[in-house]
Amino acid sequence: MLYLIGLGLPIVFLLLFFLGPLGWMVLMSLSSQTAGQAPTLVFTLGNFVRLLGDPFYLKNTVWLTLKLAFTSTALALMMGYPIAYFASQLPSRWRGVLITLAVVPLWVNVVVRTFGWAVVLMDSGLLNRALMRLGLVDRPVRLMFTETGVLIGLTQIAIPYIVVPLIGVLTAIDPALQEAAQSVGANRWRTFWKVTFPLSIPGVAAGTLIVFSLNASAFAIPAMMGGERVRMMGLMAFQQAAILGNFPYAAAIGVSLFLLSISTILAYTGILARAFGGGR
Amino acid sequence: MELVGCAKRFGETSVLRDVSFGLRKGESLSLLGPSGCGKTTTLRLIAGFLTPDAGDVFIRGGNVTHVPAHLRNVGMVFQNYALWPHMTVFENVAFGLRLRKLTPRTVETRATAALTQVQLNRLRDRYPTQLSGGEQQRVALARALAIDPSVLLLDEPLSNLDRKLREEMRVELKALQQDLKLTSLYVTHDQEEALSMSDRIVVMNNGEIQQIGTPRDIYERPVNKFVAGFVGHANFLEGVVLSLNGDRAVVRLPSGQTLHALGHGHVAAGSSVMAMIRPERIRITTAPPLRTAADVLTGQLRQIVYEGATLRYIFSLSGRPNEMLFAHGVPDQPPPGLGDDIYAEVLQATVILG
């Protein structure tokens, strides 16, 4: 009985609050709407054609979204992996401290965090003043309200999601596995690439999957750090729905984003499983 | 391979003090001691995973104290095997070979040879998780052997196997050791394993070497109570050395009875010592044994424990009712009754220092 409730409750919850609205959104994306009237379900793919068939949207929204999600994930992995590796070598007390430090960015509200970035990145911000003072540039480098600015914001928020699962996986690797590699002649570099890194793939996969999904659907960061110029799909869906009132088109953007994320993730996990899945 | 005056501290605790011993080419040596005695630390000093605070490590005549592990050419078999789960059996074994500048053909040949030595070539394409404990153990061994190590280090390699398999592997490992004339250092807390597997044994306790000797020396002539008690079972009787003749000593027990015992060079007449008697070197009888050259002590039988292959007699000596001794007997003769007066014929005793 308890088992049924324990299993049933989450299922009911998901059906009601996730799959229900999702189904509704799919139907909405297949509807059409004339301005000022309620959408009617006509099973048209017109909204999708408008998004995916138009080179402008394809490049400035769909491709941009995938590119930023992918790049921020890759950058966060490159920065997060060394942090996680370093943390995994620490005694557990210091590891706790480092984990805490790594997740601090998540404690700060996105609005506050973005204003923080503005102070650093804007034309008269800390970074540009430092660069000019050092004579490295003559004019401020535009970072706020550019793709690069959004990328910086997306990367920063991604790092904790990379670091935390990786620390867990790296700490769980038996040090004897690395010692065994050394004993047969592998230096630190080889040991890392042939033993430690392959064994940490589950952690890499977990972190990058979370980050890619989060950043592909990013809304607040592009909205606040990209302005009108960096229109990722989440932001564009919001604009279509909330500003222009075009719910079917907004839904089509949402459904497209969802399908893109899912297929990227499936392809990615498939590649990982083929490359590193042996024996597990 | 040689260790000279090695010491190691972890923070406040000194885990090794002045450890020195050598390992001849082709020799198999066991490091024997209870957990925490420093034997694993010693092994890790040789492997290069730790650097001693004092002292030096030599391999093939060269000082490798500060040489990193991967340049030492030391093969190691880990207690939990430490096989790489993402590589097949063959890849595990070939890994070390691929790091050397060898042709792919040589790698293939040598890895196959190593796998054949441990009779596992048929499982070469499996992953470690698909193997039994005993098979994993063999892969670990093949991996260490493949690189043709200067020294083979084995860290309690059999302790994760069940008893029957452990005994089989012991025989196999010993045969391999002899066939390949491996120079090997075997860390174990199992005295039976150390006695049966090695040419010489180093007994350690509390970070110090207690005794180095052949298995026979260690068992029959332990230098102190720790070694005697750790390697096998032993009875200890206090006494005073009455006289010495070569390495033969006569010891007077508190009961007034005398005992002939094997002595050590450093025992002087008149000194207080312990006489150590192995339980299988005592023969218990109800009638005084006739025509015996051995010393015969008298006492009372207190308890009999049936152990299958042997009987264990627990008895006390006359005049010392609170000191229990034990002896092994054979179950085929009708045992004496509890409380009976018995005669304990001491076939061999050894003088040790307290």
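The values are calculated or read from the model by the stated rules, or taken from the named source; none is laboratory data. Remember, predicted model here, so these are calculated numbers, not experimental data. Cβ placement follows ideal geometry from the backbone for every residue including glycine, while neighbour counts extend to all protein chains displayed. Heavy atoms of the whole protein, side chains included, go into the accessibility calculation; ligands, DNA and RNA do not. Shrake-Rupley method; radii C 1.70, N 1.55, O 1.52, S 1.80 Å.
Key figures for this structure:
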| read-out | value |
| --- | --- |
| Out of B:ALA94, B:ALA47, B:ALA54, B:ALA82, sole residue that is in contact with an Asp or Glu (Cβ under 7 Å, 6 or more places away or on another chain) and in contact (Cβ under 8 Å) with a residue 12 or more places away in the chain | B:ALA82 |
| Residue list for the stretch A:201-232, filter: touching a helix residue (DSSP H, G or I) at 6+ places or on another chain (Cβ under 7 Å) and not in a helix (DSSP H, G or I) | A:SER217, A:ALA218, A:PHE219, A:VAL230, A:ARG231, A:MET232 |
| Check on B:ARG44, open to solvent by 40 Å² or more (accessible area, probe 1.4 Å) and more than 14 Å from every other protein chain (Cβ to nearest Cβ) | no |
| Whichever residue in the stretch B:322-334 is surrounded by fewer than 16 Cβ atoms within 10 Å (Cβ to Cβ) and either in contact with a Gly (Cβ under 9 Å, 6 or more places away or on another chain) or polar (S, T, N, Q) (or both) and, among such residues, is farthest from B:HIS233 (Cα to Cα) | B:GLN333 |
| Sole residue being under 26 Å from the mean Cα position of the chain (by Cα) and surrounded by fewer than 11 Cβ atoms within 10 Å (Cβ to Cβ), chosen from A:PHE43, A:PHE17 | A:PHE17 |
| Those residues of the stretch B:57-75 which are in contact (Cβ under 8 Å) with a residue 40 or more places away in the chain and either open to solvent by less than 40 Å² (accessible area, probe 1.4 Å) or closer than 26 Å to B:ALA142 by Cβ (or both), in sequence order | B:VAL57, B:ILE59, B:ARG60, B:ARG72, B:ASN73, B:VAL74, B:GLY75 |
| Filtered residues of the stretch A:104-152 (kept if in contact (Cβ under 8 Å) with a residue 40 or more places away in the chain and among the basic types (Lys, Arg)) | A:ARG113 |
| Filter pass, A:ILE152 being modelled with pLDDT of 90 or more, open to solvent by 40 Å² or more (accessible area, probe 1.4 Å) and not in a loop (DSSP other than H, G, I, E, B) | yes |
| The stretch B:111-126: number of residues that are within 12 Å of chain A (Cβ to nearest Cβ) and open to solvent by 50 Å² or more (accessible area, probe 1.4 Å) | 2 |
| Unique residue being open to solvent by less than 60 Å² (accessible area, probe 1.4 Å) and charged (D, E, K, R) when the list is B:LYS101, B:LYS8 | B:LYS8 |
| Selection within the stretch A:233-269 - in a helix (DSSP H, G or I), open to solvent by 30 Å² or more (accessible area, probe 1.4 Å) and more than 30 Å from A:TRP117 (Cα to Cα) | A:PHE247, A:LEU259, A:ILE262, A:SER263, A:LEU266, A:ALA267, A:TYR268, A:THR269 |
| Count of residues meeting criterion [of a type in the set (D, E, K, R) and assigned to a strand (DSSP E or B)] in the stretch B:256-291 | 1 |
| Subset of the stretch B:287-315 [among the β-branched types (Val, Ile, Thr), surrounded by fewer than 16 Cβ atoms within 10 Å (Cβ to Cβ) and modelled with pLDDT of 85 or more] | B:VAL296, B:THR298, B:VAL305, B:ILE314 |
| Residue within the stretch A:162-170 that is of a type outside the set (Asp, Glu), within 14 Å of chain B (Cβ to nearest Cβ), over 13 Å from the mean Cα position of the chain (by Cα) and assigned to a helix (DSSP H, G or I) present | yes |
| Residues satisfying the stated conditions in the stretch B:127-140, i.e. within 12 Å of chain A (Cβ to nearest Cβ), outside any loop (DSSP other than H, G, I, E, B) and open to solvent by less than 20 Å² (accessible area, probe 1.4 Å) | B:PRO128, B:VAL139, B:ALA140 |
| Given (1) open to solvent by 30 Å² or more (accessible area, probe 1.4 Å); (2) more than 14 Å from every other protein chain (Cβ to nearest Cβ); (3) closer than 21 Å to A:SER261 by Cα, index of the condition A:ALA218 fails | (1) |
| Restricting the stretch B:59-83 to residues that are assigned to a strand (DSSP E or B) and at the interface with chain A (Cβ under 7 Å from one of its Cβ atoms), the residue that is nearest to B:GLU156 (Cα to Cα) | B:MET76 |
| Residues within the stretch A:193-215 that are touching a residue at least 24 places away in the same chain (Cβ under 8 Å), open to solvent by 40 Å² or more (accessible area, probe 1.4 Å) and within 14 Å of chain B (Cβ to nearest Cβ), tallied | 1 |
| Counted residues, the stretch B:263-295 - those being of a type in the set (Lys, Arg) and over 27 Å from B:VAL227 (Cβ atoms) | 1 |
| Condition check for B:PHE49: in contact with a strand residue (DSSP E or B) (Cβ under 6 Å, 6 or more places away or on another chain) and either closer than 15 Å to B:LEU154 by Cα or more than 7 Å from chain A (Cβ to nearest Cβ) (or both) | no |
